[in-house]
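Report on the structure given below.
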Amino acid sequence: MPASALMNVMVAAARKAARSLVRDFGEVEQLQVSIKGPGNFVTAADHRAEDIIFNELTKARHGYGFLMEERGEVAGADKSHRWIVDPLDGTTNFLHSIPLFAISIALEREGQLVAGVIYNPIMDELYTAEKGKGAFLNDRRLRVAARRTLQDSVVTSGIPHRGRGGHERHLAECAAAMREVAGIRRTGAACIDLAWTAAGRFDAYWEHAIQPWDMAAGIVLIREAGGIVTDLKGGQGMFDSGSIAVGNSYVHKQLLALLERTASPVAAR
Ligand code: LIP
């Protein structure tokens, strides 16, 4: 299917920012050996990528609003459109020279997510999806995996680190999951978890306490790849709750039930 004008705009912005990130990633690999480490440099790389995306999208679609990881909410004259952008998802990976990070750009129209682009420049994997037009990895059409049981599934999640809550809850969830699934993985970037689930590599994904820019583009991909996306209560409050669960209709249902069983006030600590 020929790319739409909208997709061209989103992909061009992602590719341009990716060139900057890839240059900076090369530097970060050199900086690992310094005691201070590349912390400040990575923050600057993140901002550089965000500036590029902001400028490119503003040039192409004047007046659209933004929700961006670094800038936050930027109101636009056009109240019906909003870009939701993470210029560097997988920051900790990037900081540690782990080549698993991506740019995530979504478009919301009248409050509905209508398009998403996720680009992992190191693997040169470009994921695109538009509402009603399917999801693609480069030129290949995507479908979520067809496995019907958690028993056969490889699932992925985010592990809360120092300074984030939910440690006990995550331990309880993983303890339950590891008894029921074929394998658990952790990529360190929510948008990659979502893209890889859309591509059928992972069968399911869940995470708590993530941000709209981590998940917006991936939500479009999953839906267009035939998957189910909900918050952990089975509703559509992903942005408000910060929680997300995805998979095909069979595995998603089993995953929600498993997480429900582990939920308790103590486990949420
Ligand atoms: C990351 C998320 C990831 C989560 C990390 C972090 P960032 O976003 O994508 O899923 O587990 O802790 O929040 O900060 O790399 O954009």
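Per-structure values
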| quantity | calculated |
| --- | --- |
| S80 vs. criteria part of a strand (DSSP E or B) and of a type in the set (S, T, N, Q) | yes |
| Output for the stretch 197-226, where each listed residue is within 15 Å of the ligand (Cβ to nearest atom) and of a type in the set (A, V, I, L, M) | A204, A209, I210, M215, A216, A217, I219, L221, I222 |
| Selection status of L95, more than 16 Å from the ligand (Cβ to nearest atom) and either assigned by TED's automatic domain parsing to the domain that holds L113 or surrounded by 20 or more Cβ atoms within 10 Å (Cβ to Cβ) (or both) | no |
| Any hit, the stretch 146-155, residues being more than 15 Å from the ligand (Cβ to nearest atom), among the basic types (K, R) and either within 12 Å of G218 (Cα to Cα) or buried (at least 16 other Cβ atoms within 10 Å of the Cβ) (or both) | yes |
| Selection count, the stretch 68-101, where residues are of a type in the set (F, W, Y) and more than 14 Å from V117 (Cα to Cα) | 1 |
| Residue in the stretch 140-148 that is closer than 30 Å to G26 by Cα, modelled with pLDDT of 95 or more and under 15 Å from the mean Cα position of the chain (by Cα) present | no |
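The values are calculated or read from the model by the stated rules, or taken from the named source; none is laboratory data. It should be emphasised that the depicted structure is a prediction, and the values quoted were computed from it without experimental measurement. Neighbour counts run over all protein chains shown; Cβ positions are idealised from the backbone, glycine included.
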